[in-house]
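Below: the structure, in structure tokens.
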Amino acid sequence: MIAALFPWQGSQIVGMAQDFYEQSPAAKRVLDEAEAALPGLLKIMWQGPENVLKLTANQQPALVAAGAAAFAAYREAGGKLPQYAAGHSLGEFTAHVAAGSLTVQQAVRLVHKRGSYMQAAVPQGAGAMAAVMRLEPRLIKTICDNSPGVVEVANYNGAGQTVISGEAAAVAAATEKLKAEGARVIPLKVSAPFHCSLMQPAANKLAADLSAVSFAPLSFPIISNVTADLLTDVSKAPKLLETQVTHSVRWTEIMQKFHELGVTQYLEFGVGQVLSGLVKRNLKNADAKSITDMTTLEASL
């Protein structure tokens, strides 16, 4: 069985999906639709500059468009329909495009707004995120829970990596406690503290946008970031995507769920190899590939 995976912020590169646009008619249609929804998006994706592409409101729709284009090119080339899908953070929107519950135009508009709301929720410099290695997730959560201020677990990524998020001072204080326990802590270069309660204003605004969108039936189930379980009833999708903004991404449990379901092949679509790499490190003997251009697509078939 096949699971389709879609990456999150930080995977973007200037020139993303241009190869698909030039060589796959299906991918070109997807990217043209994304451009029609957000004029100027393709120029940012292909010409940058990098500091403009990195802006949250640009980066999120760019990654959705690239992932959706890669998936369209894969299917056009004869790639088998996956049985399941999941996306890390904003990648969950790309998973909905692949499953047919959202059009790429709906998705890029939603994540453009999502990115804008998330950036505006916390003043620049007031929040922080950090990756924590060499410490059990349970202990990390306990330390965060007992630290002053807002500092919470944002991502459970497995393979010895957990990400924390919150107020800059609270993250700094928790970092010292984590280091005292033997953790390696790396501050992340992010524009806002994602996936923590400080993002509640963004979630509230996004809720209105999600409620205005009609979700079509899913072609295959998606595993939700919030529940780490199968979403088969698409009517629950808007609330899950809203809650996701402030909730921990339970990627470790998502990978385990795929394993329990009998998935044997994992295909990451779009940009980068982070999710396929996490699968390889967390699931023994997993067949995980990344489809980022036509060359890697052909190797996956």
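The values are calculated or read from the model by the stated rules, or taken from the named source; none is laboratory data. Keep in mind that what you see is a predicted model, and the values were worked out from it rather than measured. Here the Cβ is made from the backbone with ideal geometry for all residues, glycine too, and neighbour counts use every protein chain on show.
So which of Ala57, Ala62 is out of contact with any Pro (no Cβ under 8 Å at 6 or more places or on another chain), assigned by TED's automatic domain parsing to the domain that holds Phe215, modelled with pLDDT of 95 or more and closer than 28 Å to Ser197 by Cβ?
When all the criteria are applied, what remains is Ala62.
When the residues of region 85-115 are filtered to those that are over 16 Å from the mean Cα position of the chain (by Cα) and of a type in the set (Ser, Thr, Tyr), which remaining residue is surrounded by the most Cβ atoms within 10 Å (Cβ to Cβ)?
Ser101
If a residue has to be closer than 19 Å to Glu92 by Cα and part of a loop (DSSP other than H, G, I, E, B) to count, how many in region 17-49 make the cut?
So the count comes out to 1.
Which residue, of Leu63, Leu42, Leu31, is hydrophobic (A, V, I, L, M, F, W, C), in contact with a Leu (Cβ under 7 Å, 6 or more places away or on another chain) and within 16 Å of Gln273 (Cα to Cα)?
Leu63
When region 234-248 is examined, which residues are found to be under 13 Å from Ser197 (Cα atoms) and either touching a residue at least 40 places away in the same chain (Cβ under 8 Å) or out of contact with any Leu (no Cβ under 9 Å at 6 or more places or on another chain) (or both)?
Once the filter is applied, which keeps residues that are under 13 Å from Ser197 (Cα atoms) and either touching a residue at least 40 places away in the same chain (Cβ under 8 Å) or out of contact with any Leu (no Cβ under 9 Å at 6 or more places or on another chain) (or both), region 234-248 yields Thr243, Gln244, Val245, Thr246, His247, Ser248.
Given Gln9, Gln83, which one is in contact (Cβ under 8 Å) with a residue 60 or more places away in the chain, touching a helix residue (DSSP H, G or I) at 6+ places or on another chain (Cβ under 7 Å), of a type in the set (S, T, N, Q) and on the phi < 0 side of the Ramachandran plot?
Only one candidate qualifies: Gln9.
Among the listed residues Glu92, Glu76, which satisfies the condition of being without any contact (Cβ under 8 Å) to a residue 60 or more places away in the chain, in contact with a helix residue (DSSP H, G or I) (Cβ under 9 Å, 6 or more places away or on another chain), in the same structural domain as Trp251 (by TED's automatic domain parsing) and not β-branched (Val, Ile, Thr)?
Selected residue: Glu76, the only one of Glu92, Glu76 that is without any contact (Cβ under 8 Å) to a residue 60 or more places away in the chain, in contact with a helix residue (DSSP H, G or I) (Cβ under 9 Å, 6 or more places away or on another chain), in the same structural domain as Trp251 (by TED's automatic domain parsing) and not β-branched (Val, Ile, Thr).
Give me the residue from region 46-66 that is in contact with a Phe, Trp or Tyr (Cβ under 9 Å, 6 or more places away or on another chain) and under 15 Å from Gly15 (Cβ atoms) and, out of that set, surrounded by the fewest Cβ atoms within 10 Å (Cβ to Cβ).
So the residue we want is Trp46.
Somewhere in region 177-185, is a residue surrounded by fewer than 19 Cβ atoms within 10 Å (Cβ to Cβ), free of Cβ contacts under 8 Å to residues at least 12 places away in the same chain and part of a helix (DSSP H, G or I)?
There is at least one residue in region 177-185 that is surrounded by fewer than 19 Cβ atoms within 10 Å (Cβ to Cβ), free of Cβ contacts under 8 Å to residues at least 12 places away in the same chain and part of a helix (DSSP H, G or I).
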